[in-house]
Amino acid sequence: MFAMASDAMRGREAGTLDEMRATAWVAEQAQKIGLEPAGDDGTFFQWWPMDRTRLSAASKLSIGGHALRVWKDAVVISAGDESIDLPIVFVRDSAELARADVRGKAVAMEINAIPTQPQDRFTIRGNFQSTTSQYVRQRSLMLARAGAAAAILVSDASPSLDTAFEATAIVSSRGRYAIDSAGAPAGSYARPAGGRGGAGGRGGPNLGNVPAFWVRHDMLDAVRAPGARLTALTFDENFTYPSGNVIGLVRGTDPKLANEYVVYSGHQDHDGVRYPVKGDSIWNGADDNASVSVAMLAIARAYVKHPAARPVLFIWHGAEERGLLGSRWYVNHPTVPHSQIIAVLNGDMIGRNDPDSAAILGVQPPHKNSNALAAAALRANAELTHFKLDTIWDRPTHPEGWYFRSDHLPYARAGIPAVMFSTLLHPDYHTPRDEPQRIEIPKLQKMADWMYATGWIVANAPQRPDVVPGFKLER
Ligand SMILES: [Zn+2]
């Protein structure tokens with residue numbers, strides 16, 4: 001835990017060398033434990049190409065003759081390959097917008113700081129960066145709907161808008177990520193994960209083809225000057241970068257069951273180096289998801305010592321945070337046939353919150369896709385770990401949509417029995433404060449015990465788990 005979530009790993013962001021370092025580290029630990037390599041070409045690795053599109057930093061933008069540097073002086077809210085030269089009209093408010101002739105013009109408007117949680121106390125909802133950038137996007141949309149050919153949002157003088165501006169620039173400049181689905185078998189599991197991909201420019205409300213830019217307060221005079229024009233020459237750049245899954249195997253003891261694999265699943269990536277909170281810019285991802293990554297190593301060690309009847313595969317996925325990309329890649333390019341994967345025990349964030357409570361997802365309809373797998377997990381808890389189980393987060397009505405946010409999902413969509421173990425959200429989720437010293441180590445051990453015991457039941461049961469007929473997720 002303390003190695004994998006250390007600052008030296010720099011947050012293990014997919015699409016950087018830092019994720020590759022973490023991927024190599026996990027494989028090295030797997031090898032030391034005695035797992036058999038089960039990736040490509042006799043290695044622990046399944047490398048795959050991650051597709052990345054971002055706005056080129058060489059894009060050019062100017063307002064009233066002032067050249068603006070993309071991501072430094074201007075946050076690009078929406079733009080693809082654009083070549084524009086438009087007169088700017090400034091409007092004070094929505095009433096003035098309604099009266100103005102904005103067709104074929106770039107419409108500029110000042111935005112005011114909105115109340116958000118203070119930067120050093122931000123939590124899951126309402127953090128200053130995402131709340132403010134959503135607000136800026138909504139304002140852009142308002143201008144676009146009024147008929148503007150381009151939108152320019154100018155910060156007012158409040159320092160909190162400047163902070164949100166810089167944080168949004170750091171997040172949005174990363175662009176959008178995807179897997180190449182060419183050659184993938186047809187099926188709903190090949191589709192993108194809902195709402196998670198697209199860290200960049202075009203997420204959220206659809207701005208259509210209207211380019212939108214957010215600039216700092218010092219541009220206010222420039223957009224109000226008579227005859228001012230907006231010129232922009234922006235373009236996307238597209239490139240591929242390797243991400244990887246680490247795959248290790250413990251063979252079973254019963255040769256008749258050699259083609260029935262139990263899969264343990266987690267992800268080794270996190271969010272990298274982003275905007276600082278209280279001076280710390282490394283988003284360590286200790287709970288998310290070093291917790292499961294190291295639990296899987298412990299579980300693997302147990303299976304190496306005492307193999308089960310069936311074989312057990314351990315898959316650490318890359319690029320989960322970029323839209324479940326590693327698990328989607330694996331399901332599209334499995335190393336063993338889908339029909340031979342009898343259960344997926346995925347974990348995401350298992351080391352925080354109340355020591356006696358935990359959650360399992362995929363055990364209530366419509367998320368439950370195997371009665372036997374759900375029963376095995378509940379039995380293991382009843383007999384061994386005795387967590388008080390949360391029953392709220394597995395419901396289709398839960399606002400967080402937690403079931404749709406981790407690596408079991410592509411497997412479930414492919415008709416493979418799957419559950420997800422989690423100790424759920426906390427205020428340090430996706431912040432630089434998700435650090436190893438905040439992990440509840442005894443709880444992490446107990447969660448590892450629970451995952452281990454569940455897999456042990458499944459891997460030794462007389463029958464493979466059933467698949468619920470007509471399984472259909474709510475989205
Ligand atoms: Zn995660």
R0 of 56 Å, Cβ-Cβ distance N238-H306: FRET efficiency to nearest 0.05: 0.70
Taking Cα atoms, the helix 291-305 axis meets the longest principal axis of the chain at an angle in degrees (rounded to 10) of 20
XL table K446/K472; K60/K105; K60/K278; Cα-Cα > 30 Å flagged, in table order, is K446/K472; K60/K278
Calculate how steeply helix 441-460 sits against the longest principal axis of the alpha-carbon atoms of the chain, using the helix alpha-carbon long axis, and give the answer as 0 to 90 degrees to the nearest 10. 60
Over the chain, with the other protein chains present, what is the accessible area per residue in square angstrom, probe 1.4 angstrom? 39
Using alpha-carbon positions, the gyration tensor of the range 12-164 gives root eigenvalues a ≥ b ≥ c; with a/c under 1.5 called rounded, otherwise prolate if a/b exceeds b/c, else oblate, the class is prolate
For the range 403-444, alpha-carbon Rg over 2.2 N^0.38 Å: 1.50
Per residue, the convex hull enclosing the alpha carbons of the chain has a volume in Å³ of 145
Under Karplus coefficients 6.51, -1.76 and 1.60, residue-wise ³J(HN,Hα) of the range 95-111 in Hz, glycine/proline x: 5, 5, 4, 5, 7, 6, 8, 10, 4, x, 10, 7, 9, 10, 8, 7, 10
What Rg and what Dmax come out for the range 417-475 when only alpha-carbon atoms are used, in angstroms? 16.4, 46
Under 8 Å for C-alpha pairs, at least 6 residues apart: give me the relative contact order for the range 239-311, rounded to a whole percent. 49
Based on the alpha-carbon set only, what is the convex hull volume of the range 285-428 divided per residue, in Å³? 122
Expressed as a rounded percentage, what relative contact order does the chain have, with Cα pairs under 8 Å and six or more residues apart? 21
Residues in the range 65-80, backbone N under 15 Å from the label point at S56 (7 Å along the Cα-to-beta-carbon vector): list them, ranges by number please. 70, 80
Karplus 3J(HN,Hα) series, Hz, for the range 375-385 with 6.51 cos²θ - 1.76 cosθ + 1.60 (x for Gly, Pro): 5, 5, 5, 5, 5, 4, 5, 5, 8, 10, 9
Extension length gain for D85 and Y429 (0.36 nm per residue less Cα distance), in nm, is 119.6 nm
Given a 1.4 angstrom probe, I'd like the percentage of the accessible area of the chain that is carbon and sulfur, rounded to a whole number. 52
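The values are calculated or read from the model by the stated rules, or taken from the named source; none is laboratory data. Since the structure is predicted, the reported quantities are computational estimates derived from the model, not experimental observations. As a convention, Cβ positions derive from the backbone with ideal geometry for all residues, glycine included, and neighbour counts pool all protein chains shown. When the accessible area is computed, the model is the full protein with side chains, heavy atoms only, and any ligands, DNA or RNA have been set aside. Shrake-Rupley method; radii C 1.70, N 1.55, O 1.52, S 1.80 Å.
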